[in-house]
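To keep things clear, I will list the structure first and then write my remarks on it.
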Amino acid sequence: MPFPFFYASDIRSRFPQLRSGALLLEGIDANADATPEISRFKRIVDQRLAGGSETEFAEIQAWRRTFSAMGIKPTRYRCASEALLRRYRKEGALPALHPLIDLCNAASLASAIPIAVFDTSTITGALTVRLAYGDEVYETFSGETEHPDPGEIIFADEAGRAHARRWTNRQSGLSAIRSSTDRALIVAEALHETAESDVAKLISRLDEALRTIWPACLVKTMELR
């Protein structure tokens, strides 16, 4: 079940502190009960938020610095984990969408690390984290299309589709997980001081949770370049 996922060399050189992990899974469905695993992650985030706002977390502060370095105002465009934490802190819950999305959202809340989840059936060829040329097509969740700014960091496939904009800010509706999804790619990315060990721990916990929720699914930890 191979899937080509890469980082462009200039992304690695520009952000040497980046640490990431990825899981490729096959054989999932929308009928599984992920509640027990989600509850475990939520207990962790509840404890963390009891000690202070998400803006104080090292994971979030690192992404804010990175967004600023990219010329993106971090209080206008937030990394996905900060946006989730902010909403969860205010509302006390997140909507149930799909067991895989709900699980990954809960894991992102607990770790404060952005997690992207893509339906690989909608991706053409390799998926690469790279600088945008500006002519790529990004589809919003409402079905409208946009073009990323030239030089913006995106997740792009070989058909010129942008599957995420502003790196960890917003995913595309085109590759969103839906009830028919059978095969998915999960990517976690962090830039804080203990990112290497924290991402490894997060990927391991997700791997275990996925195998518990979907005992028959195939899960592969990917080696990233």
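Just so it is clear, none of the values below were taken in a lab; they were calculated from the coordinates. Please read all numbers here as calculations on a predicted model, not as lab measurements. Positions of Cβ are generated from backbone atoms using ideal geometry, with glycine treated the same way; all protein chains shown enter the neighbour counts.
Values computed for the structure shown
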{"read-out": "Proxy reagent accessibility, fewest Cβ within 10 Å first, across Leu23, Leu85", "value": "Leu23, Leu85"}
{"read-out": "Selection from Ser204, Ala62, Thr124, by position along the positive dipole direction of the range 5-222 (Cβ)", "value": "Ala62"}
{"read-out": "Nearby lysines by direct alpha-carbon distance to Lys73 (threshold 28 angstrom, same-chain neighbours under 8 apart not counted)", "value": "Lys90"}
{"read-out": "Exposure rule at most 10 other beta-carbon atoms within 10 Å, DSSP loop GluC sites (Glu not before Pro): the chain longest free segment", "value": "1-143"}
{"read-out": "Residue with peak Gaussian network fluctuation, the chain [Cα springs, cutoff 10 Å], from Arg43, Arg170, Arg89", "value": "Arg43"}
{"read-out": "Three-way shape label, the range 65-172, alpha-carbon gyration tensor, a/c 1.5", "value": "oblate"}
{"read-out": "For the chain, calculated [θ]222 nm from helices alone, where every DSSP H run of n ≥ 4 adds -39500 (n - 2.57)", "value": "-11000 deg cm²/dmol"}
{"read-out": "Cβ-based net charge around Glu139, under 13 Å, with every Lys or Arg adding one and every Asp or Glu removing one", "value": "-2"}
{"read-out": "Whichever aspartates and glutamates have a C-alpha closer than 16 Å to that of Lys201, once near sequence neighbours (fewer than 8 apart) are set aside", "value": "Glu37, Glu59, Glu189, Glu193, Glu223"}
{"read-out": "Charge tally in the Cβ shell below 12 Å around Ile154, where Lys, Arg are +1 and Asp, Glu are -1, Ile154 excluded", "value": "-1"}
{"read-out": "Sites Ser53 and Phe6, calculated FRET efficiency, Cβ-Cβ separation with R0 41 Å, nearest 0.05", "value": "0.70"}
{"read-out": "The chain shape via C-alpha gyration tensor axes, a/c threshold 1.5", "value": "rounded"}
{"read-out": "Three-way shape label, the range 140-218, alpha-carbon gyration tensor, a/c 1.5", "value": "oblate"}
